[in-house]
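Please treat every number below as a calculation from the coordinates, not as lab data. In this text the structure is predicted, and so the values were computed from the model without any measurement. Cβ coordinates were reconstructed from backbone atoms using ideal geometry, including for glycine residues, and neighbour counts include every protein chain displayed.
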Amino acid sequence: MKKAVAMAYFLAGKGRLKHAALVAVCAGFGLRIGDALDLRWSTVFTDGGRIKERVTLTERKTKQSRTLKVLPWVRKILVDYYGEARPSDPEAPMFDLSRQRAWAIIKKAASDMGLQGRIAPHSLRKAFCDFVYENTRDPVMTARITGHTNPAQLLHYIGRLPEEEEHVWERMAKQLQR
């Protein structure tokens, strides 16, 4: 997650606030790229141009509603982006980008930062999911926060077995040793 935050600040430092904001909502809200590209200014900002404390949206894939708290680092980048963009239509998309362009932006930022491996918009969502699990150690709570319907699938997705589950396997193995 720290690399995702660093990427957003890297882009902001280069004056690419729209790109920084895209990274911030993907990583800071844990959004799929389609949901990030569907965001409207009115979803995140009030009519007076103030950023909301919590953002409520309906996910395209699951059709479920999620309410997300705006973390301070996300808030800073989005406020800066709003100030630069000065949207006149609150129902306009925050990001007038195609999925392909969003993918290229994130890939180029990763390359410019010297990050190795395959990095795509979904990598930012996965980083968010992993970060939430690290902070909760609760698969059910993590699934609720990240919009996953199945905690077991979430753990598989982020490549984690809960510590307690790992300990159960170790205890069973010891009990059955010859």
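Can you tell me the 0 to 90 degree angle between the C-alpha axis of helix 121-136 and the longest principal axis of the chain, rounded to 10?
Tilt relative to the chain: about 60 degrees.
Can you give the Rg and Dmax of the range 52-178 based on its C-alpha atoms, in angstrom?
19.2, 73
Cross-link candidates for K69: which lysines have Cα within less than 25 Å, leaving aside residues fewer than 8 places away along the same chain?
Candidates past the 8-residue exclusion: K2, K3, K18, K52, K61, K126.
Could you line up H19, H156, H148, H122 from fewest to most neighbouring Cβ atoms inside 10 Å?
H156, H122, H148, H19
Taking Cα pairs under 8 Å and at least six residues apart, what relative contact order does the chain come out at, in percent?
The value is 25 percent.
Okay, helix-only estimate at 222 nm for the chain: each DSSP H run of n ≥ 4 adds -39500 (n - 2.57), divide by all residues, round to 500 deg cm²/dmol; what do you get?
-18500 deg cm²/dmol
Quick one: what Rg and Dmax do you get for the range 2-121 from the alpha carbons, in Å?
Over the range 2-121's Cα set, Rg and Dmax evaluate to 13.6, 42 Å.
With a 10 Å Cβ neighbour count serving as the proxy for reagent exposure, in which order, fewest first, do V44, V25 appear?
Ascending number of Cβ neighbours within 10 Å: V44, V25.
Expressed in nm², what is the orientationally averaged projection area of the convex hull enclosing the Cα positions of the range 1-43?
If I average the Cα hull's projected area over directions, I get 2.9 nm².
Take the alpha-carbon centre of the range 90-169, take the same for the range 1-50, and report the distance between them in whole Å.
Comparing the Cα centres of the range 90-169 and the range 1-50, I get a distance of 14 Å.
Tilt of helix 2-13 relative to the longest C-alpha principal axis of the chain, in degrees (0 to 90, nearest 10)?
10 degrees
If you place +1 on the Cβ of every Lys and Arg, -1 on the Cβ of every Asp and Glu, and leave all else neutral, what size is the dipole of the chain about its Cα centre, to the nearest 20 Debye?
Here the chain has a charge dipole of around 320 debye.
In degrees from 0 to 90, rounded to the nearest 10, what is the angle of the helix 163-175 Cα long axis to the longest principal axis of the chain?
With both axes taken from Cα atoms, the answer is about 10 degrees.
Can you sort I77, I105 so the residue with the fewest Cβ neighbours within 10 Å comes first?
In order of increasing Cβ crowding within 10 Å: I105, I77.
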